[in-house]
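Below: one structure, written as structure tokens.
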Amino acid sequence: MAVVNRRIVLAARPHGEPKPEHFRLEEGRTPVPKAGEVLLRTRWLSLDPYMRGRMSAAKSYAKPVELGDTMVGQTVSEVVASENPAFAEGDLVLSNSGWQEFAISDGRDLRRLDPADGPPSQFLGILGMPGMTAYTGLLEIGRPRPGETVVVAAAAGPVGSLVGQIARIKGARAVGIAGGAEKCAYLTETLGFDAAVDHRAGDFAEALARACPDGIDVYFENVGGAVFDAVLPLFNDFARMPVCGLVADYNLSELPSGPDRSPVLMRAILTKRLTLRGFIVWDFASMQDDFLRDVGGWLRAGRVKAREDVVEGLDNAPAAFAGMLKGANFGKLVVKVS
């Protein structure tokens, strides 16, 4: 058993983009489990955009990470020592161990994983929180109907890619927005999207309008910013917009300059009778069994696919995380810790 536990803590709160100086790698003794506890070794760490919000002290739906505390994050971990009769050494579990190599748990936050259900890292992606975010947000808020047009931003990421595939399964037309020709080709050629639009292109707004000749009925928002500006004029009457993320704004330290455009948005909401609803995945915790049944079944049947972007080593998590916020990842970003 290793006696050193390495962890990455929040060293300073960023104002703008996270940089190396906002993180610190620390070493300490590996903890020893007490009665009722287990010692977990992190195998896979999930990196997700929501973590940027947890680095801020601003009030939000969850408590911020305190300075000097381990960065939060979901993990796939192995039980390496157990004083809890519910878990045995060698068990693989879904945990919230954060950015560290070892962690203690009393077992209440753990979910045992069966390796026969698929590669363990998929429980941080398509079979985990991002997959359930796509499933619940689209089906409970977006409610796509056959023949409608569903548009999703950050479509090559773990949430957006599944949103588009589920839209197709439900008989809707799927249009993805992504950054770069390679990601757009992946959406149409590998995942079966009906169209893909590059938000980096100079004619992005015009290209999106061409891809949505009948307007937009459901827009799954992951980005905000200029992408939403191009979407807003294309909404049909009674369109629905699940608001999952606003990654374009996460690094802002002040409001963008320019005229107040909220009257444009509010008028569209009124005259087109739009439904906009923000959500956090665990608002729909009661749907977890349905999600695992449906998405697990579709995955086994080959009706949905997933792509991972794997980073090797805990040391590389900060740089990978910063890159993700700029769209550098291609697929679900995970760190192979050990």
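Does Glu78 qualify as being at negative phi, open to solvent by 50 Å² or more (accessible area, probe 1.4 Å) and not aliphatic (A, V, I, L, M)? Taking the combined requirement at face value, the residue does not satisfy it. Each residue in region 195-211 was checked for being out of contact with any Lys or Arg (no Cβ under 8 Å at 6 or more places or on another chain) and surrounded by 23 or more Cβ atoms within 10 Å (Cβ to Cβ), and 3 of them qualify. Filtering region 319-338 to residues that are open to solvent by less than 20 Å² (accessible area, probe 1.4 Å) and part of a strand (DSSP E or B) leaves Lys332, Leu333, Val334, Val335.
Helices (runs of 4 or more DSSP H) fully within region 115-190 that include at least 1 residues being closer than 18 Å to Phe279 by Cα: 129-136, 158-169. For Gly278, the conditions (1) open to solvent by less than 80 Å² (accessible area, probe 1.4 Å); (2) under 27 Å from Val218 (Cβ atoms); (3) touching a residue at least 40 places away in the same chain (Cβ under 8 Å) all hold with the exception of (3).
If you go through region 163-184 one residue at a time, do you hit one that is under 13 Å from Arg307 (Cβ atoms), open to solvent by 10 Å² or more (accessible area, probe 1.4 Å) and touching a strand residue (DSSP E or B) at 6+ places or on another chain (Cβ under 8 Å)? Scanning region 163-184 turns up at least one residue that is under 13 Å from Arg307 (Cβ atoms), open to solvent by 10 Å² or more (accessible area, probe 1.4 Å) and touching a strand residue (DSSP E or B) at 6+ places or on another chain (Cβ under 8 Å). Taking residues in region 293-317 that are over 26 Å from Gly73 (Cβ atoms), and partners anywhere that are surrounded by fewer than 17 Cβ atoms within 10 Å (Cβ to Cβ), the pairs with Cβ atoms closer than 7 Å and at least 6 places apart or on different chains are Trp298/Ile169; Arg303/Ile169. Within region 25-45, the set of residues being open to solvent by less than 100 Å² (accessible area, probe 1.4 Å) and not in a loop (DSSP other than H, G, I, E, B) comprises Leu25, Glu26, Gly28, Val38, Leu39, Leu40, Arg41, Thr42, Arg43, Trp44, Leu45. Quick one: is Ser253 in contact (Cβ under 8 Å) with a residue 60 or more places away in the chain and either among the aliphatic types (A, V, I, L, M) or surrounded by fewer than 15 Cβ atoms within 10 Å (Cβ to Cβ) (or both)? The answer is yes for Ser253.
May I ask you to verify whether Arg273 is part of a loop (DSSP other than H, G, I, E, B) and closer than 22 Å to Cys212 by Cβ? Talk me through it step by step, then tell me what you get.
On the way: part of a loop (DSSP other than H, G, I, E, B): yes; closer than 22 Å to Cys212 by Cβ: yes.
Yes; evaluated as a whole, the condition is true for this residue.
Of all residues in region 309-316, one or more are closer than 19 Å to Ile177 by Cβ and either modelled with pLDDT of 95 or more or in a loop (DSSP other than H, G, I, E, B) (or both). Out of all the residues in region 204-225, which are assigned to a loop (DSSP other than H, G, I, E, B) and either touching a helix residue (DSSP H, G or I) at 6+ places or on another chain (Cβ under 9 Å) or within 20 Å of Thr136 (Cβ to Cβ) (or both)? Within region 204-225, Cys212, Gly215, Asn222, Val223, Gly224 qualify.
The values are calculated or read from the model by the stated rules, or taken from the named source; none is laboratory data. Everything numeric in this text was worked out from a predicted model, so none of it was measured. A quick note on method: Cβ atoms are made from the backbone with ideal geometry, for glycine too, and the neighbour counts reach across all protein chains shown. Surface accessibility is based on the protein's heavy atoms, side chains included, excluding ligands, DNA and RNA. Shrake-Rupley method; radii C 1.70, N 1.55, O 1.52, S 1.80 Å.
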